[in-house]
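One structure is given below, encoded as structure tokens.
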Amino acid sequence: MQTGPKPVRGNLLISHTHWDHIHGLPFFAPLFVPGNEWAVYAPRGFSQSVRQTLAGQMQHTYFPVELEQLGAAISYHDLTEGVFTLGDIKVSTQYLNHPALTLGYRLEADGVTVVYACDHEPHSRSLAYGAGDVGGQDERHAEFVAGADLLIHDAQYRAAEYEGKIGWGHSTIEYVIAIAQLAGVKSVALTHHDPMRDDDTIDQEVEAIRANLKARGAALDVFGAAEGLVLELEAHPGREPRRQIDEPPAEAAVSSRLSELVVLMGIVDSTLADLLWQTLHADGVRVLRATDSAAALRLAQTDEPSLIILDRYLRGVDSLETCRAIRAGSVGKGKDAPIVIVAAQEDVAAGITASVTDWLVRPFSTIYARTRMRAWLLRTACHWVQASHPKDEKERLAALHRLAVLDTEPEERFDKLTRIAAALFDVPIALVSMVDENRQWFKSAYGTSVCEGPRDASFCAHAILAPTVMIVPDALLDPRFADNPVVINEPRVRFYAGCPLVVDGRCIGTLCLIDTRPRDLNATAVRLLEDLAELVLQELQRTTALERAQAD
Ligand SMILES: [Zn+2]
Ligand SMILES: [Zn+2]
């Protein structure tokens with residue numbers, strides 16, 4: 001703050017909101033300075049937002065300054081698994097294995113990859129002891145850190161200490177080294193050191209590990225992270241990142257519909273089943289219970305659970321067989337739902353062939369099990385459906401660009417029409433919306449100060465797929481839109497009606513109506529909307545005609 005440029009702008013990526021990870025926040029001076037701008041990213045909670053959680057530790061009882069009194073402009077971003085960007089940095093998130101919803105962050109820019117993975121426990125117990133093959137969720141973790149130039153990883157324990165720390169949500173150094181080597185990581189910063197160790201002990205351990213790696217001829221560089229350590233990584237412009245997969249947007253699934261989620265549970269031990277039922281029920285999740293494999297299979301097919309959790313054996317039947325049968329089924333969401341097997345011992349190889357998603361190895365605490373279930377539910381809570389591109393996308397964009405209307409100033413002749421539309425249909429928002437390559441841009445926006453938005457969250461992007469009026473009476477009841485950020489967050493769209501604007505035979509955008517209440521349009525109203533859209537089109541084409549005349 002003393003020497004750098006002002007105002008200070010930055011992003012804070014928080015893995016989870018356990019106190020050892022957020023206690024510094026109230027004392028972080030740049031948050032106090034008016035003019036500074038910060039964006040805070042953290043995993044969304046199951047029942048409250050990041051903002052609410054962070055505000056909790058700064059209530060007056062605990063701290064003299066409340067979150068809302070901080071001087072800087074701070075935005076809060078609730079994340080699940082997926083991808084988002086910070087400037088030209090691509091940030092991917094993935095759930096870690098910890099008794100709180102925790103995200104790892106993978107940052108890629110300038111051909112360099114840095115991964116932060118704290119707090120995290122091996123999924124497989126044998127891997128925690130440094131033995132066994134990497135498979136299942138640990139393999140997924142390895143893929144997440146693949147090719148990192150720098151991996152900053154939880155390494156709280158040594159394998160010899162792990163026995164008494166199972167389910168605490170932390171890694172052993174042995175596990176970190178195994179994963180890093182498998183994943184082709186270049187250098188590892190061991191961190192989240194056990195508070196019972198002093199610096200000298202950590203130094204000695206790191207030296208021993210380095211010597212061991214050297215003796216084995218391993219290229220991996222390992223060091224202990226220390227407070228105040230600054231690392232600079234050399235840019236490799238043009239170098240492709242090792243991990244290239246399609247990821248959904250990480251900020252997407254702030255779903256209001258978690259309460260409609262269904263978990264199918266086949267757990268023999270009634271005490272454990274009751275405990276899991278209680279935690280899920282408290283989260284508002286509906287739980288179906290099956291006591292035998294036939295019932296589990298039937299419920300998986302009829303009730304479309306979002307998560308299936310089964311004991312390895314139900315009345316003598318191996319649940320891996322049930323899992324196979326569910327996967328082979330032809331109906332319902334259950335076919336693709338994550339299936340978690342509860343067992344005294346995991347059988348990763350057999351699990352993979354049966355398409356088991358994850359193992360929950362006994363014994364485990366209910367908090368631990370609940371977090372795992374929450375992570376699976378949030379991970380699978382349906383994301384909104386992004387509109388596909390129309391078949392004539394190229395020609396459509398060409399027609400739009402020929403109009404030369406994008407990024408022009410607002411004009412009264414269009415504003416007049418959206419004003420009339422809003423009054424005529426009694427809606428708070430009416431837009432002349434153009435669907436550009438990656439965005440929708442509003443030539444006229446009545447009732448909102450927003451002038452553009454991302455195409456992937458755009459209702460209009462759906463409306464332009466057909467040349468007829470598209471009506472969404474209640475977005476919350478429509479699986480295409482129920483999780484859409486403009487439905488869940490401001491402006492909380494419930495009703496949408498969009499009439500495509502067709503230029504040279506191509507749908508380039510819409511005249512659309514938006515309401516925050518569910519409603520419908522009758523046939524007369526639809527015709528009126530089409531009439532108004534016709535007037536918008538005439539104005540749009542008048543501009544082009546005029547410009548063409550001037551060009552001539
Ligand atoms: Zn933690
Ligand atoms: Zn921690």
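The values are calculated or read from the model by the stated rules, or taken from the named source; none is laboratory data. Note that the structure is predicted; figures quoted are calculated from it, not measured. Glycine also receives a Cβ, built like all others from the backbone with ideal geometry; neighbour counts cover every protein chain displayed. Accessible surface is based on the protein model in full, side chains and every heavy atom, while ligands, DNA and RNA are left aside. Shrake-Rupley method; radii C 1.70, N 1.55, O 1.52, S 1.80 Å.
Given their separation in residues at 0.36 nm each and the Cα-Cα distance between them, Arg239 and Lys6 gain 80.6 nm when the chain is fully extended. Distance between the C-alpha centers of the stretch 152-223 and the stretch 86-100? Whole Å please. With the stretch 152-223 and the stretch 86-100 each reduced to a Cα centre, they are spaced 21 Å. Rounded if a/c is under 1.5, else prolate if a/b beats b/c, else oblate: with a ≥ b ≥ c from the C-alpha gyration tensor eigenvalues square-rooted, which is the chain? Prolate. Treating r as the C-beta distance of Asp392 and Arg324 and R0 as 35 Å, the FRET efficiency rounds to 0.20. The sum of -39500 (n - 2.57) across all DSSP H runs of n ≥ 4, divided by the residue count of the chain, sets its helix-only mean residue ellipticity at 222 nm to -9000 deg cm²/dmol. Measuring only protein heavy atoms, the 1.4 Å probe finds Arg419 accessible over about 100 Å². When DSSP beta bridges are restricted to pairs lying wholly in the stretch 222-379, around 10% turn out antiparallel. Taking a straight Cα-Cα cut-off under 30 Å and skipping sequence neighbours fewer than 8 places away in the same chain, no lysines fall within cross-link reach of Lys335. The equivalent ellipsoid that matches the C-alpha gyration tensor of the stretch 290-423 spans semi-axes of 50, 18, 15 angstrom, in descending order.
Computed over protein heavy atoms with a 1.4 angstrom probe, the accessible surface ordering of Glu247, Glu161, Glu395, largest first, is Glu395, Glu161, Glu247. Positive contributions from Lys and Arg (+1) and negative ones from Asp and Glu (-1), summed over other residues with Cβ under 10 Å from the Cβ of Asn489, come out at -2. Karplus-derived 3J(HN,Hα) values for the stretch 34-41, using 6.51 cos²θ - 1.76 cosθ + 1.60 with θ = phi - 60°, are x, x, 6, 10, 10, 10, 10, 10 Hz; glycine and proline are entered as x. The listed residues Arg439, Arg480, once ranked by accessible area (1.4 Å probe) with the largest placed first, stand as Arg480, Arg439.
How would Lys391, Lys214, Lys443 rank on accessible area, largest to smallest, probe 1.4 Å? All intermediate terms of the calculation are to be shown ahead of the outcome.
Details: Lys391 210, Lys214 165, Lys443 5 Å².
Of Lys391, Lys214, Lys443, the descending order of accessible area is Lys391, Lys214, Lys443.
Once all protein chains are placed together, Leu229 keeps about 90 Å² accessible to a 1.4 angstrom probe.
Over the stretch 375-483, the hull volume per residue, using the convex hull of the C-alpha atoms, is 133 Å³. The amide H of Val287, built 1.01 Å from its N in the peptide plane, has Val263 as neighbours under 5 Å, considering only residues 5 or more places off or on other chains.
Taking amide H as placed 1.01 Å from N in the peptide plane, Ser444 has its amide H under 5 Å from the amide H of Val432, each at least 5 places away in sequence or on another chain. On the beta carbon distance between Ala55 and Glu227, with R0 = 35 Å, the FRET formula returns roughly 0.85. Phi angles across the stretch 342-359 convert, under the Karplus curve 6.51 cos²θ - 1.76 cosθ + 1.60 with θ = phi - 60°, into 3J(HN,Hα) values of 9, 7, 6, 8, 7, 10, 4, 4, 5, x, 5, 5, 8, 6, 6, 7, 7, 10 Hz, Gly and Pro given as x.
In this label model, Glu452 and Asn438 are separated by 1.0 nm, measuring between points 7 Å along each Cα→Cβ vector. Partners of Lys416 within straight-line reach, counting aspartates and glutamates whose Cα lies under 12 Å from its Cα and excluding those fewer than 8 residues away in the same chain: Glu539.
Can you tell me what share of the DSSP beta bridges in the chain is antiparallel? A percent to the nearest 5 is fine. Please list the in-between numbers first.
Details: 45 of 88 bridges.
That works out to approximately 50 percent antiparallel.
Computed over the Cα atoms of the stretch 54-202, the ratio of the radius of gyration to the Kirkwood radius (Rg/Rh) comes to 1.03.
How much area per residue is accessible in the chain when the probe is 1.4 Å and only protein heavy atoms are counted (Å²)?
For the chain, the per-residue accessible area is 46 Å².
Couplings 3J(HN,Hα) for the stretch 109-114, derived from phi with the Karplus relation 6.51 cos²θ - 1.76 cosθ + 1.60 (θ = phi - 60°), are 7, 6, x, 10, 10, 10 Hz, where x marks Gly and Pro. The stretch 1-46 and the stretch 409-472 have their alpha-carbon centroids 35 Å apart. Only protein heavy atoms count here; under a 1.4 Å probe, Asp456 has an accessible surface of about 60 Å². Measuring nothing but how far apart in sequence close Cα pairs (under 8 Å, 6+ apart) lie, relative to its length, the chain scores a relative contact order of 9 percent. Checked against a 28 Å cut-off, the cross-linked pairs Lys90/Lys214; Lys6/Lys90; Lys394/Lys443; Lys391/Lys443 give Cα-Cα distances beyond that limit for Lys90/Lys214. Under the membrane-span-like helix rule (DSSP H runs whose alpha carbons stretch at least 30 Å along the helix axis, mean Kyte-Doolittle hydropathy -0.5 or higher), the chain yields 523-551.
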